[in-house]
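Visitor: If you scroll down you'll find the structure; I have some questions about it.
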Amino acid sequence: MNLPPTLKRAAWWAATLRPRRIRAGIGKGLRMDLRRASGWYAKGVNEMPIQQALAAQLKPGHVFFDIGANVGFFSLLAARLVGPTGRAVAFEPVPANAAAIRRNAALNGFRHIDVVEAAVGDAAGEIELVLTRHPGGASIIQDTPSPDITGRTRVPLVRIDDLHTQGRIPTPNLVKIDVEGAEPAVLRGMEQVARRFRPGIICELDDATVEAVEGKVAGVAEMLRSWGYTVTLLDRAYATDGWPVRHILATA
């Protein structure tokens, strides 16, 4: 049946409001509200090297930290892997994204996903967050501003070491960090936890050029090795270097 353009647009919009099931990968069968995210998540093949690392590192009962969780795709995968005796803690400073994580957790009956609505770094207090049109592009780093900035807001800033010492978060077995340039600050703010408890660490690093990314990878790898970690460069998650992205896995 050929629908008028206005009805086609209405049908498309209605479809975007419905939760969708992930079709492949670790999250196959899970449901997601994708109103604030790319429909690509529904395919379930996002960043497969990261999914493989999660599957290899996480066991039932483990604790996963998703720092820079966006709408919670990897938090959902981890929640499935660790089961109800484990925890997935999603750190996300953008209020709308944090709300989406809570919705996605509820859609799947995951009561073992906690949301910390704050930015993570190497200090505690408050910081300006640059908001972008892309839901996953918000950043506390302003030296290389994004071309699609939509606004700025003040958000809480926390250190992992502080929260852990205060008993507000559990001890992690695996930490994933994807915070749009603030990864070294996050690591500096969790040095005590890393040195004492030796969680696995997955870190995403990106920049405008391959050379810049390689410099970031070298700097973060040097920091982690000084803490006694072995650092591995994961397979590329993306086929092209239109915007170079690299992932490293650090294990004790």
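Visitor: Which one of Tyr238, Tyr229 is closer than 20 Å to Val179 by Cβ and in contact with a Ser or Thr (Cβ under 7 Å, 6 or more places away or on another chain)?
Guide: Tyr229
Visitor: Right, something else. Show the residue pairs that are 6+ apart or on different chains and have beta-carbon atoms under 9 Å apart, the first residue being within segment 150-161 and within 16 Å of Gly121 (Cβ to Cβ) and surrounded by 12 or more Cβ atoms within 10 Å (Cβ to Cβ), the second being modelled with pLDDT of 90 or more and of a type in the set (S, T, N, Q).
Guide: Correct list of pairs: Ile160/Gln192; Asp161/Gln192.
Visitor: Taking the condition of being under 22 Å from Gly83 (Cβ atoms) and in a helix (DSSP H, G or I), how many residues in segment 17-36 meet it?
Guide: Number satisfying all stated conditions: 0.
Visitor: Could I ask something else about it? Within segment 70-116, count every residue that is out of contact with any strand residue (DSSP E or B) (no Cβ under 7 Å at 6 or more places or on another chain), buried (at least 18 other Cβ atoms within 10 Å of the Cβ) and free of Cβ contacts under 8 Å to residues at least 40 places away in the same chain.
Guide: Residues flagged as out of contact with any strand residue (DSSP E or B) (no Cβ under 7 Å at 6 or more places or on another chain), buried (at least 18 other Cβ atoms within 10 Å of the Cβ) and free of Cβ contacts under 8 Å to residues at least 40 places away in the same chain within segment 70-116 amount to 1.
Visitor: Only one residue in Ile22, Ile127, Ile113, Ile101 is farther than 23 Å from His164 by Cα and of a type in the set (A, V, I, L, M, F, W, C), so which one is that?
Guide: The match here is Ile22.
Visitor: Same structure again: When you check Ile127 against the structure, is it closer than 20 Å to Asp66 by Cα, more than 17 Å from the chain's Cα centre (by Cα) and either modelled with pLDDT under 75 or part of a strand (DSSP E or B) (or both), yes or no?
Guide: Taking the combined requirement at face value, the residue satisfies it.
Visitor: Right, here's the next one. Scan Gln192, Gln166 and give me the residue that is more than 22 Å from Gly61 (Cα to Cα), out of contact with any Pro (no Cβ under 6 Å at 6 or more places or on another chain) and either of a type in the set (S, T, N, Q) or at pLDDT below 95 (or both).
Guide: Gln192
The values are calculated or read from the model by the stated rules, or taken from the named source; none is laboratory data. Because the structure is predicted, anything quoted here is derived from the model rather than measured. Neighbour counts are summed over all protein chains in view; Cβ atoms, including those assigned to glycine, are modelled from backbone coordinates with ideal geometry.
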